[in-house]
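Taken together, the values in this text are just the output of simple stated rules run on the coordinates, not laboratory data. Model, not experiment: these values are computed from the prediction. Don't worry about glycine lacking a Cβ; one is built from the backbone with ideal geometry, like all the others, and counts go over all protein chains shown.
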Amino acid sequence: MPVSKTKLATSELLDHERLNALVNSMADGVIAIDEAGMIVLSNGAALNILDTNGTLRGKKLESVLHLVDKNGQKISLTEQIQSTRTSLSSRDWLIRYDDESTANLYVSAAVVHLGYGKSGQRGYVILLRDITREKSLEEERDEFISVVSHELRTPIAIAEGNVSNAILLAQKAGIAGSITDTLQATYDQIVFLSHMINDLSTLSRAEQGTLALEIEPINAHDLVMDLVRDYTPQAEEKGLHLTHKVDPRLHILRSGRLYVREILQNFITNAIKYTEKGRVTITAAPYKEGVQFSIHDTGIGISKSDQERVFDKFFRSEDWRTRQNSGTGLGLYVTMKLTRLIHAEISLKSAINKGSTFTIKMPNLDT
Ligand code: ADP
């Protein structure tokens, strides 16, 4: 063999060994498969997670990794990753062992080229991590939040009612100035607290998967009219016009009434909150087998980079105009959870200083 080729072969071997050492030193399980789902590489941590000590090379991924979702439905990871173009990740699947015991897994997979150059075959690298302990801590936390927020609801509702009465009594008695102002400020804070508790309660139930979905016929036209009536005072207080456009061909939507309403309310409250002048428009039109709602505002808008993050938990824009308004950054996160529950899709178009449009496509659900 010519010298250069031998050198190349030696350096490739070295590279290969280094790579092997690196992959084996990782705490996460690593498995590489080819396009047909056959294992070509794995590390020690993967053997631990799969609870096997035999070699994995040459075996079908599906024959050694038995994944199920939280309802016990079988998941084919090979099919899932073959249908994704770039990468996928999930914290919601479990591995099921032969003795029927399970463990929660973090799974992520990405497309790679196995080998060098153009001829390098396409494949996938899968990362596995046992997150059973983290999951059970998360579940305990969600359970705690759920109980606490539920228990806080009654005293807060009573306080809201009492302060509201006190404002009326003070007004009737002709007491103006600092007492009424203080009562009003207290009332506003109680309302804020009650929204926050509502969000937390919905959120913890969504994360525990205990939000029940009751499918009912919803008259979309009446729903929009109700929302316009309920939110007009809030909009007018800020000098905004709350308008609506409802397509007369609109049909009945079969979905979860409470969730549909809560999703739209969250978008409307935000539209009013983040708009200084102009209008907020609620639109409803038929779409395929369902209804498409849009909430458009002429407000401060959302920058391109923030648009990717508005649905993240606790995200609030750094824009000072956002920070002028109180908020928790939970509203849109909860909204996204509810949207998934009713199989709806959200899209967002926005430009800074021009305004935002959130569009929600809600399908008809089967009972
Ligand atoms: P918050 O309690 O802060 O309103 P949300 O989860 O409802 O939390 O919204 C997250 C962030 O998204 C807001 O803080 C704001 O920065 C941005 N946002 C949401 N809706 C709008 C809107 N209509 N116009 C401009 N910014 C918005």
Query raised in the report: Which number do you get for Rg(Cα) / (2.2 N^0.38 Å) in region 215-362?
Result: 0.99
Report summary line: Once both label points are put 7 Å beyond Cα along the C-beta direction, the Lys238-Asn53 separation in nm becomes 6.5
Query - Whole-Hz couplings from phi, Karplus 6.51/-1.76/1.60, listed for region 146-160; x for Gly and Pro - result: 4, 5, 5, 5, 5, 5, 6, 4, 4, x, 5, 5, 5, 4, 4
Query raised in the report: What ratio of Cα Rg to 2.2 N^0.38 Å holds for region 140-189?
Result: 1.57
**Report entry** Viscosity 1.567 mPa s, temperature 4 °C, Stokes-Einstein D of region 5-130 from Kirkwood C-alpha radius, µm²/s
**Finding:** 84
Report summary line: When the chain is treated as a Gaussian network with springs between alpha carbons less than 10 Å apart, the largest mean-square fluctuation among Leu22, Leu50, Leu127 is found at Leu22
Report summary line: Hits in region 328-367: amide N under 16 Å from the 7 Å Cα→Cβ extension of Asp247, namely 345, 347, 359-364
Report summary line: Under 13 Å by backbone N from the virtual spin label 7 Å along Cα-to-Cβ at Gln184, the residues of region 127-167 are 167
Query raised in the report: Using Cα pairs under 8 angstrom and six or more residues apart, how large is the relative contact order of region 138-208, in percent?
Result: 56
Report summary line: Expressed in nanometres to one decimal, the distance between label points 7 Å along Cα→Cβ at Leu14 and Asn198 is 6.7
Report summary line: Per the rule of 0.36 nm per residue minus the C-alpha distance, extending Asp312 to Ala212 adds in nm 33.7 nm
**Report entry** Full-extension gain in nm, Ser87 to Ala21, via 0.36 nm per residue minus C-alpha separation
**Finding:** 21.3 nm
Query - Among Asp222, Asp181, Asp15, residue whose mean-square fluctuation peaks in a GNM of the chain (springs only between Cα atoms under 10 Å) - result: Asp15
Report task. For region 309-367 and region 238-301, write down the distance between their C-alpha centroids in whole Å. Result -> 12
**Report entry** Once the Cα gyration tensor of the chain is diagonalised, semi-axes √(5λ) in Å
**Finding:** 51, 24, 22
Requested in this report: Compute the distance in nm between two label points, each set 7 Å from the Cα along the Cα-to-Cβ direction, one at Thr154 and one at Asp99.
Outcome: 4.5
Report summary line: Per the rule of 0.36 nm per residue minus the C-alpha distance, extending Lys70 to Ser303 adds in nm 80.2 nm
Report task. Calculate, for Leu348 and Lys277, the FRET efficiency according to 1/(1 + (r/R0)^6) with r their C-beta to C-beta distance and R0 25 Å; round to the nearest 0.05. Result -> 0.75
